[in-house]
Ligand code: F6P
């Protein structure tokens, strides 16, 4: 193996730059060239590919976003698109590929591996922490702390005005971010897709809180909750109860940016070194993950397995402590 490519794909996450840096420097350490592919798979199709040396990745370990930029590439879902990508790999003498991104990005990597025999290794990068086979994804820890700090700020104003806030946290199909940020932020209730939401239960939480002397309260709502988004939940509560004058804050994409935490930098760095090792050892169709502090290699397909870490106990703790 003489030359490999690295790309970031799907939603960006803090720590992706640390991951790119790790792949570039580990590759250089082992005497192989690392090419940066810009705008995810789209850049592979367009041949938007440049050599990255160790100095090109200086000063990025602390930066959010991705210097390679990212995209969601529709043509890559088609066989023809992937054939073009494979041809570009050959044209640029790329012997392997490291894909940093979410589970959607792994479909492309697995197809390249299966259809064209291209050695591909995935590194999990998403703030959602919704990828199987790994306890944590790159970016989750930073996003969790960002959401927690936002909840802290909202608590100040909520307390000053005796208000109820509904805070929407990202996570289309996964409530991990909402659950941890809610527990860490001391939310009165946390609504997540993994657990059925009854509006009457949320009203009961608010009434009990008032009866217990709470003048302000915070309800965290995961973007993908079954009862709807934070606006829908606040409207439903207003329609069915005395809680009519509440406020809604959607944290949105601010959770995706910012300087990565030490945890995310270290995770991405370890995973990047491991991804290069894996390619050099002839591995393909695999992703690196972290399980109980150990960096492991597992099949790319395990990314789609439902995360087994939904923690009923954590939700229970949050609800007990929110009283
Ligand atoms: O990166 C994952 C995620 O942040 C989800 O939580 C969210 O639903 C989605 O991306 C939004 O993505 P975009 O607005 O970039 O399409």
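General observations
- With respect to the conditions (1) away from the ligand (no atom under 16 Å from the Cβ); (2) closer than 25 Å to residue 173 by Cα; (3) in a helix (DSSP H, G or I), residue 264 lacks only one, and its number is (1).
- Test: residue in the range 20-31 that is within 24 Å of residue 303 (Cβ to Cβ), touching a residue at least 12 places away in the same chain (Cβ under 8 Å) and within 16 Å of the ligand (Cβ to nearest atom): no
- Out of 173, 223, one residue alone is within 13 Å of the ligand (Cβ to nearest atom), crowded, with 16+ Cβ neighbours inside 10 Å and under 19 Å from residue 253 (Cβ atoms). It is 223.
- Residue match in the range 197-217 (condition: within 16 Å of the ligand (Cβ to nearest atom), in contact with a strand residue (DSSP E or B) (Cβ under 8 Å, 6 or more places away or on another chain) and not in a helix (DSSP H, G or I)): no
- Against the numbered list (1) away from the ligand (no atom under 15 Å from the Cβ); (2) free of Cβ contacts under 8 Å to residues at least 60 places away in the same chain; (3) buried (at least 24 other Cβ atoms within 10 Å of the Cβ), residue 178 comes up short only at (1).
- Only one entry in 134, 126, 70 is within 16 Å of the ligand (Cβ to nearest atom) and in contact with a helix residue (DSSP H, G or I) (Cβ under 6 Å, 6 or more places away or on another chain), namely 70.
- Criterion violated by residue 302 - all others in (1) within 16 Å of the ligand (Cβ to nearest atom); (2) modelled with pLDDT under 95 satisfied: (1)
Condition check ((1) under 17 Å from residue 272 (Cβ atoms); (2) surrounded by 22 or more Cβ atoms within 10 Å (Cβ to Cβ); (3) without any contact (Cβ under 8 Å) to a residue 24 or more places away in the chain) across all residues:
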| residue | (1), (2), (3) |
| --- | --- |
| 37 | yes, yes, no |
| 71 | no, no, no |
| 83 | no, no, no |
| 96 | yes, yes, no |
| 106 | yes, yes, no |
| 118 | no, yes, no |
| 124 | yes, yes, no |
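- Residue within the range 1-11 that is out of contact with any strand residue (DSSP E or B) (no Cβ under 7 Å at 6 or more places or on another chain), more than 18 Å from residue 287 (Cβ to Cβ) and either away from the ligand (no atom under 16 Å from the Cβ) or assigned to a loop (DSSP other than H, G, I, E, B) (or both) present: no
The values are calculated or read from the model by the stated rules, or taken from the named source; none is laboratory data. Because the structure is predicted, anything quoted here is derived from the model rather than measured. Using ideal geometry, Cβ is built from the backbone for each residue, glycine included, and neighbour counts are taken over all protein chains shown.
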